[in-house]
Amino acid sequence: MHIAEGYLPPVHAAAWGVASAPFVIHGVRALTREVRANPESTLLLGASGAFTFVLSALKIPSVTGSCSHPTGTGLGAILFRPPIMAVLGTITLLFQALLLAHGGLTTLGANVFSMAIVGPWAGFAVYALLRRSGVPLMVGVFFGAFVADLSTYCVTSVQLALAFPDPGSGVVGALAKFGGIFALTQIPLAVSEGLLTVLVMRLLVQSSKGELTRLGVLLQGGAEKEAAVR
């Protein structure tokens, strides 16, 4: 799902970098405030970043020589909100480009926009909407992680379609082709990531209940305990 080094035309690569920059800058400020106000959150921040790094580094072959992978951004977005996840995702993508040749520096802006910005915001929006509707925590976590993964793949498909429109059917035709390439593997991956994120959240509920309460993931009182284990 990471767009490879040098794959996008220079104008497209630069445009996605410009589009991503304000979100990352805002995220840096949010992350700085969080660490200064709550130094004890650094361990959970690191765990969220590591979760994203490991899952998004898994390359699963798709058709026509492409590959798909989970993103791992839903967990961090739920715990610390999308602005902070934009920074954690950018750091992840930068290290993967430098150390694993996964993605690239010229395509960093495009990959950040899809995986570290749109994915977390879309996933968190679904999670927050479900929670406000009274849905149990773990159901919200599942769909938040599912949508964060799937929306990332959708944006990547749009980015590739804009850069390489089909000669006959244009951007729409190219979008259908790129979307079809990823869909075979990405939809099952999104389901798997949702289930894995639920498992991790269950472990966090048991081991870090106080921190989750401070972050607003768990509510005060006993009603949340029942909802958390559904």
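Counting other Cβ atoms within 10 Å of each Cβ, which GluC sites (Glu not before Pro) in the range 4-109 have at most 16 and sit in a DSSP loop? Passing both the DSSP loop test and the Cβ count: Glu5.
Computed over the chain, relative contact order equals 23 percent, with contacts defined as Cα pairs under 8 Å that lie 6+ residues apart. Each label point was placed 7 Å from the Cα along the Cα-to-Cβ direction; for Leu99 and Lys177 their separation is 3.6 nm.
The mean sequence distance of close C-alpha pairs (under 8 Å, at least 6 residues apart), as a share of the length of the range 21-99, puts its relative contact order at 38 percent. Compute the distribution of all C-alpha to C-alpha distances in the range 1-52, in bins of 10 Å from 0, and list the percent of pairs in each, rounded to whole numbers. Per 10 Å bin, starting at 0, the Cα pair percentages come out as 20, 33, 29, 16, 1. Label zone (Ala37, point 7 Å along Cα-to-C-beta; backbone nitrogen cut-off 19 Å) within the range 189-222: 210-220. Taking 0.36 nm per residue of separation and subtracting the Cα-Cα distance, full extension of the segment from Ile25 to Ile91 would add 22.5 nm. Of Ile78, Ile25, the residue with the largest accessible area leads and the full order is Ile25, Ile78 (1.4 Å probe). Take every Cα pair under 8 Å whose residues are at least 6 apart in sequence, average their separation, divide by the length of the range 116-184, and the relative contact order is 28 percent.
Along its three principal directions, the equivalent ellipsoid of the chain from the Cα gyration tensor extends over semi-axes of 31, 19, 14 Å, largest first. Residues whose amide H falls under 5 Å from that of Ser68, counting only those 5 or more places apart or on a different chain, are Ile60, Ser62, with hydrogens built in the peptide plane.
Given the options Gly140, Gln206, Ile25, identify the residue whose Cα lies farthest towards the positive end of the charge dipole of the chain (+1 on Cβ of Lys, Arg; -1 on Cβ of Asp, Glu). It is Gln206, whose Cα lies furthest towards the positive end. Think of the chain as having a plus end and a minus end, set by charges on the Cβ of Lys, Arg, Asp and Glu; of Ile60, Pro10, Leu44, Leu44 sits farthest toward the positive end of this dipole. In the context of the full set of protein chains, residues of the chain present 45 Å² of accessible surface per residue (probe radius 1.4 Å, heavy atoms only).
Counting only protein heavy atoms, what percent of the accessible surface of the chain is carbon or sulfur at a 1.4 Å probe? Heavy-atom surface of the chain belonging to carbon and sulfur, 1.4 Å probe: 73 percent. Its Cα centre serving as origin, the chain has a Cβ charge dipole (Lys and Arg +1, Asp and Glu -1) of approximately 460 debye.
The values are calculated or read from the model by the stated rules, or taken from the named source; none is laboratory data. For clarity, every value in this text was computed on a predicted model and none was experimentally measured. So basically every Cβ, Gly included, is an ideal-geometry build from the backbone, and we count neighbours across all protein chains shown. For the accessible areas, the whole protein counts, side chains as well, though only heavy atoms, and no ligand, DNA or RNA atoms are used. Shrake-Rupley method; radii C 1.70, N 1.55, O 1.52, S 1.80 Å.
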